[in-house]
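The values are calculated or read from the model by the stated rules, or taken from the named source; none is laboratory data. Just so we're clear, the structure is a prediction, and the values are computed from it rather than from any experiment. Methodologically, a virtual Cβ is constructed for each residue, glycine included, from the backbone with ideal geometry; neighbour enumeration extends over all protein chains shown. Just so you know, the surface numbers come from the protein's heavy atoms only, side chains and all, with ligands and any DNA or RNA stripped out. Shrake-Rupley method; radii C 1.70, N 1.55, O 1.52, S 1.80 Å.
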Amino acid sequence: EAGVTQSPTHLIKTRGQQATLRCSPISGHTSVYWYQQALGLGLQFLLWYDEGEERNRGNFPPRFSGRQFPNYSSELNVNALELEDSALYLCASNPLAGYTGELFFGEGSRLTVL
Amino acid sequence: QKEVEQNSGPLSVPEGAIASLNCTYSDRGSQSFFWYRQYSGKSPELIMSIYSNGDKEDGRFTAQLNKASQYVSLLIRDSQPSDSATYLCAVRGNSGGSNYKLTFGKGTLLTVNP
């Protein structure tokens, strides 16, 4: 069974540009979570999607946004990139929407903002 | 702001010793607790979950939970060099929207020396 897949693996952008990251959950999982892992800051919760709806978001500015598609894949968009957006962006999925803490993580997309 | 605190380490133990990793959390209503392991350059993977006070053992790993003290720990017996990784404590809240995401600590870097 395929795990959570993310693309691209690496992405280099300049300040002010936009970045789009993609995630496909494990088959049968309806919930997708996005986390940011910046150096020294640990895993910070960004967004949670379930059944196509945004269910919760963390303390990030509105330029971080996303969506979930009918096939449960998800996309994270970061507009007006800033240097401090450089981080590993991890997507995770969950087999039971909102009811367990067992998250299955993808390998992440490393975003570098120059 | 719900918080999860861990000693950042590094924690260094000799091969064969017991490694003890600690975590405290601020949300007294939290119900679910998890330990994830993250190897350098890799994504986090779940190694233990615990939901009630006391100990839970799985092979060389023992998770301990004390809700009154808001404290959770992970013991690794007979530590091996392959256990060298960052260990992330994660807590699932139990109030409103926070119930549907995990809050992670910043992680403790464990090094097991041969």
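Residues in segment B:85-94 that are over 19 Å from residue A:105 (Cβ atoms) and surrounded by 14 or more Cβ atoms within 10 Å (Cβ to Cβ): B:93 only. For the residues A:54, A:82, A:75, the requirement of being over 16 Å from residue A:109 (Cβ atoms), away from chain B (no Cβ under 14 Å) and among the acidic types (Asp, Glu) singles out A:82. The condition (being under 13 Å from the mean Cα position of the chain (by Cα) and more than 25 Å from residue A:31 (Cβ to Cβ)) is satisfied by just one residue among B:40, B:73: B:73. Just to verify a result, which residue in segment A:27-48, among those that are among the polar types (S, T, N, Q), farther than 20 Å from residue B:107 by Cβ and surrounded by 13 or more Cβ atoms within 10 Å (Cβ to Cβ), is nearest to the other protein chains (Cβ to nearest Cβ)? Per the stated criteria, the residue is A:31.
Selection over segment A:7-26 of residues that are under 18 Å from residue A:67 (Cα atoms), open to solvent by 60 Å² or more (accessible area, probe 1.4 Å) and assigned to a loop (DSSP other than H, G, I, E, B) gives a count of 1. Reported count of residues in segment B:3-28, each being surrounded by fewer than 16 Cβ atoms within 10 Å (Cβ to Cβ) and either assigned to a strand (DSSP E or B) or in contact (Cβ under 8 Å) with a residue 60 or more places away in the chain (or both), is 13.
Return yes when residue A:88 is at pLDDT 95 or above, part of a strand (DSSP E or B) and within 14 Å of chain B (Cβ to nearest Cβ) and no when it is not.
Values: at pLDDT 95 or above: yes; part of a strand (DSSP E or B): yes; within 14 Å of chain B (Cβ to nearest Cβ): yes.
Spelling it out, residue A:88 is indeed at pLDDT 95 or above, part of a strand (DSSP E or B) and within 14 Å of chain B (Cβ to nearest Cβ).
Answer yes or no as to whether residue A:62 is more than 26 Å from residue B:106 (Cβ to Cβ) and either open to solvent by less than 40 Å² (accessible area, probe 1.4 Å) or in a loop (DSSP other than H, G, I, E, B) (or both). No. For segment B:37-63, a residue qualifies if it is of a type in the set (Gly, Ala, Ser), crowded, with 18+ Cβ neighbours inside 10 Å and away from chain A (no Cβ under 12 Å), and exactly one does: B:63. For segment A:78-87, a tally of residues being open to solvent by 20 Å² or more (accessible area, probe 1.4 Å) and on the phi < 0 side of the Ramachandran plot returns 5. Test residue B:71 against the criterion of being more than 10 Å from chain A (Cβ to nearest Cβ), touching a Leu at 6+ places or on another chain (Cβ under 9 Å) and either open to solvent by 70 Å² or more (accessible area, probe 1.4 Å) or hydroxyl-bearing (Ser, Thr, Tyr) (or both), and give yes or no. Taking the combined requirement at face value, the residue satisfies it.
Checking every residue in segment A:93-114 against the condition of being assigned to a strand (DSSP E or B), open to solvent by 10 Å² or more (accessible area, probe 1.4 Å), in contact with a Cys (Cβ under 8 Å, 6 or more places away or on another chain) and within 11 Å of chain B (Cβ to nearest Cβ) gives at least one match.
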